[in-house]
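Single-structure report; data block below.
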Amino acid sequence: MKNYLLTLTAFLCLAIGLVNTAYAGKISRHYRHHHIHSSLTPDSLTGDSVIQFAQTLIGVPYRTATSDPLVGFDCSGFVNYVFKNFNVDVPRSSGDFINIGEKIALEDARPGDIIVFTSPTHHHRIGHVGIVFCNQDGVIAFIHSTSGKEHGVTITTMDEIYRRRFVQIIRVLKSNDEQLLLTSN
């Protein structure tokens, strides 16, 4: 029964992502090359706003050492570009993400938090970052720019391979701390 519920939760999380991905594909042609001008300050920025903007970039190809939606993104270039849109300063190199923000337990991850992984080839070195898309009953999905089979910005459910590479959840959004307090009470 537990496996069925986890599978159902993962399916629902991905279904939301696929619907949003289809929507993002339609709007990304309009917004891909423009920042969303927002009246949000870094202190009031929500994870939903970050995710909404990040989804407009789905389908931008993977390109090493790049953070330009007209050309492509590597993983840290994508995360940097998304947060920079909201005037939130995050590193440009994936290895530097471990030194910022507040460290959060995986089970407390919220949309808009940053997820950090080791490199697929160097297991003792930070090598990949993304943005938490959802966390439903322990099933985590994240949006990232991957050099894998999707070869671009996509939403991925955390599988066993990513679990083995998982390092840390980094929180840079104060609103996620406030939401955590509200759900704890």
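Here, each number is a calculation from the coordinates, and none is a lab measurement. Just so it is clear, the structure is predicted and the values come from calculations on it, not from any experiment. Here Cβ is always computed from backbone atoms with ideal geometry, including for glycine, and neighbour counts include all displayed protein chains.
Taking 22 Å as R0, compute the FRET efficiency from the Cβ-Cβ separation of residue 64 and residue 43 and round it to 0.05.
0.05
How long is the gain from residue 161 to residue 71 if the chain were fully straight, where each residue apart is worth 0.36 nm and the alpha carbon distance is subtracted? Kindly include the intermediate steps, with their values, before the conclusion.
Working: separation 90, 0.36 × 90 = 32.40 nm, distance 2.84 nm.
29.6 nm is the gain from fully extending residue 161 to residue 71.
Order the peptides 90-98, 44-52, 158-166, 75-83 from the highest to the lowest mean number of other Cβ atoms within 10 Å of their residues. Let's see the in-between values first.
Working: 90-98: 17.2, 44-52: 19.3, 158-166: 13.7, 75-83: 24.6.
Final packing ranking: 75-83, 44-52, 90-98, 158-166.
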